[in-house]
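Bear in mind that the values in this text are calculations on the coordinates, not laboratory data. Values in this document were obtained by computation on a predicted structure and should not be read as measured data. With ideal geometry, Cβ positions are generated from the backbone for all residues, glycine too; neighbour counts draw on all protein chains shown.
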Amino acid sequence: MSAHESPKAVVFALGGNLLIAIIKFLVSFITGSAAMLAEAIHSTADSFNQILLLIGNKRAKRTVTEMHSFGYSREIFFWSLIVAVLLFFIGALFSIYEGVEKVLHPEEITNIKWIFIVLGSSVIIEGKSFQVAYKEFRKGTKKRLFRAIRDSQNVNLIVVIMEDAAALTGLVIVLITTFLAWQVNPVFDAIGSISVGVLLLVISLLLIIEVKGLIIGESIPREERSQMKEVIRSYKQVKHINRVQTMVMGNNQYLVLLSLDLDDGLSVYQAEDLVEQIKVDIIAKVNGIENIYIEIKDSVRNQKI
């Protein structure tokens, strides 16, 4: 999947979350439901997050400068970290606070039918958003979902997939706790708000951990590294692979540094042609490689050529 495809999922999620947030806020004020207010805050936080991702995508596409010779593609990781932190502070902590407040001062929920109407509509909208993100995410991979998320370096889709999954889970929680608040005890409304807050807390921490690795500098997945080595070993003129260094430079954008020992009988021109052919084959085999540098060593004298 290219880095330029993923904003489609972000834009779709933004539109859905803005619509849902407005409706949820209106219904939370009408009914006095803390759980619905927590869901409204959740959708608002998601909307802000998707706006930040779109800003990050635009800034990451800036052209190369003398000060930033590899471009700005890694800036998307910074904005993704801001997204995770905002989800933590705006979404999780406020929802937990609102729930605790309702535990201390419980209120009866009114106009209960509006809550169920909104929750049902939200499930449909969020489900469609998740479906779009899921289809984008599954392009070009046959891995299981959780493995694919763990191995993916496309933070746009990681954020949208995890946020939409959290949103759907949160809606189910609020449906259950609202029904219990209506039929059993109003305190279940507060429990719903706290539960949504805890869910957001877990998701934000998982995002922070994932983005931290990308900011520090993750290597590309093992499968892609194996594909590169397979391409290199297909050339009989390559005697030994000395070193393979890779780094994720953006959404599915990779930097590759290789050190190879070639057959001693090759001339300088033959070695140069071979290196260029290896580059072409690796780029054709592994999606996302934008910069690849190959160092050739004379295996007899152990000198760089």
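For Q153, the residues whose modelled amide H falls within less than 5 Å of its own, excluding neighbours fewer than 5 places apart on the same chain, are N252.
Mind giving me the FRET efficiency for H240 and L19? R0 is 45 Å, r the Cβ-Cβ distance, nearest 0.05 is fine.
Values: r = 58 Å, r/R0 = 1.30.
Between H240 and L19 the formula returns 0.15.
For N291 and V100, a Förster radius of 51 Å and the Cβ-Cβ distance give a FRET efficiency of 0.50, rounded to the nearest 0.05. Placing unit charges on the Cβ atoms only, positive for Lys and Arg and negative for Asp and Glu, gives region 198-239 a dipole magnitude near 400 debye about its Cα centre.
Near I294, the amide H atoms lying under 5 Å from its own belong to L258; only residues 5 or more places off or on other chains count, and H is placed 1.01 Å from N. Using a cutoff of 8 angstrom between alpha carbon atoms and counting only pairs six or more residues apart, the relative contact order for the chain works out to 22 percent.
A simple spin-label model places the labels of R147 and T63 4.3 nm from each other, with each point 7 Å out along Cα-to-Cβ.
For K239, the residues whose amide H sits under 5 Å from its own are D261, L262, D263, ignoring neighbours fewer than 5 places away on the same chain, with H placed 1.01 Å from N. The dipole here belongs to the chain: it is taken about the Cα centre, uses +1 on the Cβ of Lys and Arg and -1 on the Cβ of Asp and Glu, and is about 620 debye. Panel note: the C-alpha atoms of region 222-304, placed on their principal axes, show extents of 40, 20, 20 Å (largest first).
Report the antiparallel proportion of the DSSP beta bridges in the chain as a percent, rounded to a multiple of 5.
Details: 12 of 20 bridges.
Beta bridges within the chain, antiparallel portion: roughly 60 percent.
How big, on average over all directions, is the shadow cast by the Cα convex hull of the chain, in nm²? Walk me through the numbers before you get to the answer.
Values: hull surface 70.1 nm².
The number I arrive at for the chain is 17.5 nm².
Helical runs (DSSP H, four residues minimum) scored at -39500 (n - 2.57) apiece and divided by the length of the chain put the mean residue ellipticity at 222 nm at -22500 deg cm²/dmol.
Once the Cβ-Cβ distance between E276 and I82 is put in as r, and R0 is 45 Å, what FRET efficiency do you end up with, to the nearest 0.05?
0.65
Computed extension gain for I30 through I112, at 0.36 nm per residue and net of the alpha carbon distance, reaches 28.6 nm.
Note the per residue figure in Å³ for the convex hull of the C-alpha positions in region 33-185.
Numbers: hull volume 18.8 nm³, N = 153.
Enclosed volume per residue, from the Cα hull, is 123 Å³.
A viscosity of 1.306 mPa s and a temperature of 10 °C, combined with the Kirkwood radius over C-alpha pairs in the Stokes-Einstein formula, give region 8-76 a diffusion coefficient of 116 µm²/s. With a cut-off of 13 Å between beta carbons, the residues surrounding V118 carry a summed charge of 0, where Lys and Arg count +1 and Asp and Glu -1.
Loop-located trypsin sites (Lys or Arg not before Pro) in region 143-251 (DSSP state not H, G, I, E or B) with no more than 15 neighbouring Cβ atoms inside 10 Å: K143, R144, K236. Annotation: average projected area of region 156-305 is 11.0 square nanometres, based on the convex hull of Cα atoms across all directions. Modelled spin labels at E223 and K139, positioned 7 Å past Cα toward Cβ, are 1.6 nm from each other. Fewest neighbouring Cβ atoms within 10 Å first, the residues D189, D264, D164 line up as D264, D164, D189.
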